[in-house]
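As structure tokens, the structure follows; a few thoughts come after it.
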Amino acid sequence: MSAASRSAVDAPAAVQATSLCKSFGGVPALRDASLTLRPGTVHALVGANGAGKSTFVKILAGLEKPDAGEVKVRGERVIIATPDRARQLGLNFIHQELNLVPRFTVLQNMALGYSLPTRAGLVSWSAVRRRARSVLARFDSSLSLDADVSTLSVSDRWMTSLGRSLMHEPQAIAMDEPTASFTVEEAERLYGVIHTLTSSGVGVLYISHRLDEVLELSDEITVFRNGEVVGRHHRGDLDRTELTESIVGRRVRDLRHYQSEAIGISSDHHPAEAHPPVLSAQNLKAGKRVVNATFDLRRGEILGIAGLVGSGRTELARALAGADPLTSGSMLLDGRTYSPHSPRDAIARGVALVPEERRSEALVLDESIDFNINLATMRQNRMRRWAPLLSPSRARSAAREYVDSLSIKSASTKQDVAHLSGGNQQKVVLARFLRTNPRVLILDEPTVGVDVGARAEIYELVKSQTSRGTAVLLISSDFEELEICDRVAVMREGRITTILPANKAGTNTLTALCYHHEEEQ
Ligand SMILES: Nc1ncnc2c1ncn2[C@@H]1O[C@H](COP(=O)(O)OP(=O)(O)OP(=O)(O)O)[C@@H](O)[C@H]1O
Ligand SMILES: [Mg+2]
């Protein structure tokens, strides 16, 4: 804890929430949840998918009304009925789904909700611009105020949201999974920003599934499980394993368990090497970003793809899965020419992509979990192979199987996916594509926003698919996650520059290769 934050311990809490309760349709999401955020400190809020973290934050933000409980801000009891009220109280929020207006500029987005200074009845944009510039300068951001937010990377969009919060000089700020899709360096930049904020006395409520960063950053940690507080800790009180167990409520296997060595296969001589390629890509060029990609994906292996945001990984995945056409190059699937003209065509040939943008690209939000899981496999649910009639019970039992094996937290499989927590939505999308039993499974950032227990379940499922011969292409910005791969390809500026065996693909090497630092071999 910094000197500033130590002295802040005696100051009145920035926010003190006591015994908050909230149910949705009779199902409790929060039960007697209490938490005290002190000025000048980082307080992490952790818990499994659906534990109630976002709900808790939404109550403080005036977006949800609690059924019971009270909130004090700097010692005064308050009712936060609207987001405006929260702002007046000095509370600011960067929610899990960023509410930026596409096609507005960074400046316009930052000005939203800010009481615009006027001169002779006209908005003084030059004053707003000055203010916005000084806010961005506080965290050394090189964002252009005139850039259209739709053209920005995920992390820059997030920084725009942060900029918007800081326009108001908040006393407390809540960040709901900021680093979920950040690269290592982007996350480092955010930690710097957080340090600047706490040094100036701001209290930061920090929600994350990345436990290493939680342990590193936080002065205090509160653990939610099923809407209840099950643990309160101070810096240094507990280690990663203890924190994991507290979140999940049971022991969880270490990531290393999923590595080839740990399951008795040496990565120097992985049997996948003897396997023929399932998918061969030769000099692929696609969209604006994929310039030249050549690789083989072998039966039963997991091939990772490391790269920075914008390096062309997602565009490559889309081309492989028939979502975007190739400009040039060729592909073979099981030795035969493969040029899918749509995702549906790719799925029919056995190539499935679980996309990164799950909410907008993959989910039908006002349909049930049942419907969404079965969306790509309607045919398997026919009563008879030749009959057009669908068997709802077969569809439902398939959905239930995945709800169990991936621990999708929901009231029933008939529930709309719109109201599932972020991580549980991700699991629904994954279940849909696992159910197609693909020859090639492409996962684009599969565990973003997924809790540590469910991650283990996802790796378990992926491994069981590879043992049945499925070849997996795994795109991940989390270099630790790439440890489950047999080989890792590095993509830089649209090109696959290197392919490394697992034992050579440590975090430092990958970072260096992605950024093209001197250490590159
Ligand atoms: N508007 C809503 N209607 C119905 N149920 C809801 C609604 N909002 C949240 N829930 C339910 O409340 C529970 C808590 O959800 P919440 O979003 O707070 O979880 P979370 O801890 O933020 O999870 P994640 O880590 O996945 O983001 C979940 O079971 C979710 O399905
Ligand atoms: Mg959430």
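The values are calculated or read from the model by the stated rules, or taken from the named source; none is laboratory data. Please read all numbers here as calculations on a predicted model, not as lab measurements. Note that we place each Cβ from the backbone using ideal geometry, even for glycine, and neighbour counts take in every protein chain shown.
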key: THR118 of a type in the set (Ser, Thr, Tyr) and away from ligand 2 (no atom under 13 Å from the Cβ)   = yes
request  = Within the stretch 94-142, count every residue that is in contact with a Ser or Thr (Cβ under 7 Å, 6 or more places away or on another chain) and not in a loop (DSSP other than H, G, I, E, B).
outcome  = 6
request  = Hey, can you tell me all the residues within the stretch 171-188 that are farther than 19 Å from HIS209 by Cβ and either at pLDDT below 90 or small (Gly, Ala, Ser) (or both)?
outcome  = ALA172, GLU185
task = Taking SER412 as the residue in question, decide whether it is modelled with pLDDT under 90 and farther than 26 Å from LEU211 by Cβ.
result = yes
request  = Tell me, please, whether a residue that is away from ligand 2 (no atom under 11 Å from the Cβ), touching a residue at least 12 places away in the same chain (Cβ under 8 Å) and crowded, with 23+ Cβ neighbours inside 10 Å can be found in the stretch 24-35.
outcome  = yes
remark   = Of (1) surrounded by fewer than 14 Cβ atoms within 10 Å (Cβ to Cβ); (2) not assigned by TED's automatic domain parsing to the domain that holds GLU213, PHE104 satisfies every one except (1)
ask   = Within the stretch 96-119, is there a residue that is at pLDDT below 90, within 16 Å of ligand 1 (Cβ to nearest atom) and either in contact with a strand residue (DSSP E or B) (Cβ under 7 Å, 6 or more places away or on another chain) or more than 30 Å from THR314 (Cα to Cα) (or both)?
value = yes
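Listed here are the residues, each with its yes/no results for (1) within 18 Å of GLU445 (Cβ to Cβ); (2) in contact (Cβ under 8 Å) with a residue 24 or more places away in the chain; (3) not in a helix (DSSP H, G or I).
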{"position": "LYS463", "(1), (2), (3)": "no, yes, no"}
{"position": "ASP478", "(1), (2), (3)": "yes, yes, yes"}
{"position": "VAL488", "(1), (2), (3)": "yes, yes, yes"}
{"position": "ILE499", "(1), (2), (3)": "no, yes, yes"}
{"position": "ASN503", "(1), (2), (3)": "no, yes, no"}
request  = Starting from the stretch 42-65, take each residue that is in contact (Cβ under 8 Å) with a residue 12 or more places away in the chain and near ligand 1 (Cβ under 8 Å from one of its atoms) and list its partners that are part of a loop (DSSP other than H, G, I, E, B) and among the aliphatic types (A, V, I, L, M), counting only C-beta distances under 8 angstrom and pairs at least six apart or across chains.
outcome  = ASN49/VAL450; GLY50/LEU420
request  = May I ask you to list pairs of residues, at least six apart or on different chains, whose Cβ atoms are under 8 Å apart, with the first in the stretch 414-439 being more than 22 Å from VAL462 (Cα to Cα) and the second being more than 16 Å from ligand 1 (Cβ to nearest atom) and among the aliphatic types (A, V, I, L, M)?
outcome  = VAL417/VAL364
query = In the stretch 131-148, what residues are surrounded by fewer than 11 Cβ atoms within 10 Å (Cβ to Cβ) and modelled with pLDDT under 90?
reply = ALA137, ASP140, SER142
remark   = Scanning the stretch 47-89 for residues that are among the basic types (Lys, Arg) and assigned to a loop (DSSP other than H, G, I, E, B), the one nearest to ligand 2 (Cβ to nearest atom) turns out to be LYS65
query = Could you list, in sequence order, the residues of the stretch 21-41 that are under 18 Å from ARG74 (Cβ atoms) and either within 25 Å of the chain's Cα centre (by Cα) or within 12 Å of ligand 1 (Cβ to nearest atom) (or both)?
reply = LEU35, LEU37, THR41
